[in-house]
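> There's a structure below that I have some questions on.
Every number here is computed from the coordinates shown, using simple stated rules; none is lab data. This one's a predicted model, so the numbers in the text were calculated from it and none came from an experiment. With ideal geometry, Cβ positions are generated from the backbone for all residues, glycine too; neighbour counts draw on all protein chains shown.
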Amino acid sequence: MSAAPRSVLLLGLDFGSTTSSVLIARATLSTHPGTGRATLADAEPVFQPASVFTPFVDADTLDLDAIDSLIDDWLASAGIASADCFAGGALVTGLAAQRRNADGLRARLHARLGDVVVATADDPRLESWVAFMGACGALSDAQPDATWLNLDIGGGTTNTAVGRGGQVLATGCHFIGARHIQVVPGGWHVTGWTPHAHAIATAIGLDHRPGTTWPAAAVERFVGWQVAALEAIVAGDRGFFADGAGRQIAQVPFEWPAGLSPACARVTFSGGVGELVYAIADGRPLPPTTRFGDLGIELARAIVASPRLSAAVAAHRPARTGGATVLGLALHQTRIAGSTLHLPLAVPLPWPDLPIVARLDADADRAAIAQAVARAGHGTTGGCVQWSVDAAQATRERVQAFAVDLRAVLDARAAVAADPPLLLVLVACDVAKALGGYATGWGSAHRHVAVIDEVAVPRAHFVRIGRAHHGAVPVSFHGLYG
C-alpha cells in the first residue's frame, strides 16, 4: 500500500549583487501506488517577502552577521525552522559572488542549513537554469514547439538560457547589469565602478575618473554598449565577445545549440531589470531616476527601445519576472530519487557536493569501470559515477555483468584500501537494488557503495544527496556545464 501524500516545504535563497530574496513553497510528496516512485507535485509559494538590499560592510565585503540575522528574520516571519524544510537551494550570485568573503557566506549557509540546502554555489550556469525555469518554464511547457531565450538581468550579471519544451538546452553568463556603475540616487554622479565598467568605459571613450558626474549622453552611450552586447547574445554573434571589453564581460560564453535559429527565439526577461522592462512596456510608473543608486532604469528603457530585444515583450511574458532565480531554486532544483535505492549503512545521509568524476556508457568494460572508481576514490569524501544505461538497455544480463565487473574492481581496491570513501553510482532507470545487491554481495561487503536510480542526470560537476524524509531522498546538481 502506498503512503498517503504528505505536504513538504521547499526553501530557496538568493544573495545577489543588489538584492537578496527568499521563497518558501509547499509541495505534495506522494508515492505512486503501482511503482512506489516518490514525486513532488503541486508546488506553490507560501512565503515570499519583498527583496531587500544585500548587506555589505563596504564595496568589497559582504556583511555576514547581517545576512545571518536576515535569514533568522525570514524564517521567523514564515513561522518555520530550517529543519522543517524538505529540500531547497541557495545561490550567491552576480557581483556578490565576486566579493572577497563570498566563500565565508557559503560556509555559513552550509553550517546553518546543511541538511536542507542542496546547492550553495557561485554557479552561473545553475543560476541561468533556475532563472529560466522560474521565469519562462511554464511558457516553454505550454508552447513546446517555440524556442525561448530568457535573459535574467540583475545588478551584476545577465544569466542567459535557451530552451524548448520545458528543457534548458544551453546557458551562459555575462557581466551585464545595472550596478556596474554606482551613482548618488537622483543623478549620475558616479561613486563606484566595477572592473567591467572600467573596461566598457575605456572601450567607448568615457571619463571614468573618481568623482565623475556623467551627462545624459554618457549614460546613454554606456547603457547602449550593454544593450549592444545583449543583442549580440541574442543574435549568436560570438565576434562581439572575442576581445576587448566584450571578452572581459563574458564569464560563461553563451553558444546557440546546433539546429536552433536565433531569429526564431522569443526573448523573455527576469531579474530586477526584467521587472522594469515589463513595467515600462505596460506604462506603469517607474521609481525616480537612479532611485536604487544604479543604472537599472536606464538599462531597462534602452532594452525596450531595442526592436530585437523587445519584439516579444508585449505578446509573451513570464508569469513571474522578479525573483525568478529563487523561485526556480525552490520549485525546480530538487529531484526525487527512485524508490529502490541501495544505500550504505556505513555512510549516513546527507552527502554534500560529491564530484561526478565519470560517465560510463551502457557497455562499459571492467577497465573503464576501474578508471572511474579510481577517480572517485581520490577525494576524501568520495565521488560519483554515472552509468548511462536506459530502461531498454537495462536487461538483467547487462545489469548483472556491470555489477560483477564493479564488484571485481571493488574487491581489488579493498585489498589496498581498508577504509575507502563513498562511491555513489547514479542511474536513470530502476535498477538500484539489483545493481547495488550484486556489487556488494547483498550487503555483505563494500558498505561504502550506494546506488541511486530514476534520476535524470544533467551535465553537472557535483551532486548533493539530502537527508531522507518520509522514505524520499532529495537530489540536486550544481556546477552545470554544456
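> How far apart, in nm, are two points set 7 Å out from the Cα along the Cα-to-Cβ line at residue 396 and at residue 371?
3.3
> Now, a different point. Starting from the Cα-Cα distance between residue 363 and residue 289, subtract it from 0.36 nm times their residue separation and give me the gain in nm to one decimal.
Stretched fully, the residue 363-residue 289 segment lengthens by 20.4 nm.
> Add -39500 (n - 2.57) for each DSSP H run of 4 or more in the chain, then divide by its residues: what number comes out at 222 nm, to the nearest 500 deg cm²/dmol?
After summing the helix terms and dividing by residue count, I get -10000 deg cm²/dmol.
> Name the residue from 153, 437, 201 whose Cα lies farthest towards the positive end of the charge dipole of the chain, charges +1 on Cβ of Lys and Arg and -1 on Cβ of Asp and Glu.
Checked the options; the winner is 437.
> Let me ask another. Amide H of residue 16: which non-local residues (sequence gap of 5 or more, or other chain) have their own amide H closer than 5 Å, using H built in the peptide plane?
Correct list: 21, 93.
> Could I ask something else about it? Collect residues whose amide H, placed 1.01 Å from N in the peptide plane, falls under 5 Å from the amide H of residue 47; neighbours closer than 5 in sequence don't count.
Close amide H contacts, sequence-distant or interchain: 24.
> If you place +1 on the Cβ of every Lys and Arg, -1 on the Cβ of every Asp and Glu, and leave all else neutral, what size is the dipole of the stretch 335-480 about its Cα centre, to the nearest 20 Debye?
So the dipole magnitude of the stretch 335-480 works out to roughly 280 debye.
> Follow-up. Give me the number: length gained by fully extending residue 467 to residue 419, i.e. 0.36 nm times residue separation minus the C-alpha to C-alpha distance, one decimal in nm.
Gain on extension, residue 467 to residue 419, equals 15.0 nm.
> Can you grab the distance from the C-alpha centre of the stretch 69-87 to the C-alpha centre of the stretch 201-240, Å, no decimals?
Comparing the Cα centres of the stretch 69-87 and the stretch 201-240, I get a distance of 41 Å.
> Answer rounded, prolate or oblate for the stretch 136-238, using the Cα gyration tensor with square roots of eigenvalues a ≥ b ≥ c: rounded when a/c is under 1.5, else prolate when a/b is larger than b/c, else oblate.
prolate
> Right, next: Put +1 on the Cβ of every Lys and Arg and -1 on every Asp and Glu Cβ in the chain; which of 350, 455, 310 then has its Cα farthest towards the positive end of the dipole?
455
> Based on Cβ point charges of +1 for Lys and Arg and -1 for Asp and Glu, what charge dipole magnitude is obtained for the chain about its Cα centre, in debye rounded to the nearest 20?
For the chain, the charge dipole is close to 380 debye.
> Which Cα, out of 185, 469, 20, lies furthest along the positive dipole direction of the chain (beta carbon charges, K/R +1, D/E -1)?
Result: 469.
> A further question follows. Within a 10 angstrom radius of the beta carbon, how do 353, 65 rank from fewest other beta carbons to most?
Placing the least packed residue first, the sequence is 65, 353.
> Shifting gears a bit: Mind giving me the nanometre distance, one decimal, between the label points for residue 314 and residue 381, set 7 Å out from Cα along Cα→Cβ?
5.1
> With charges set only on the Cβ (+1 for Lys and Arg, -1 for Asp and Glu), what does the dipole of the stretch 126-323 come to about its Cα centre, in debye to the nearest 20?
180
> In nanometres, what is the gap between the two model label sites at residue 238 and residue 80, each 7 Å from Cα along Cα-to-Cβ?
About 4.3 nm separates the two model spin labels.
> In addition: Tell me whether the stretch 335-480 comes out rounded, prolate or oblate; compute the Cα gyration tensor, take square roots of the eigenvalues as a ≥ b ≥ c, and use a/c under 1.5 as the rounded threshold.
It comes out rounded by the Cα gyration axes.
> By how many nm would the segment from residue 65 to residue 445 lengthen if fully extended, with 0.36 nm per residue of separation less the alpha-carbon distance?
Additional length available on full extension: 132.2 nm.
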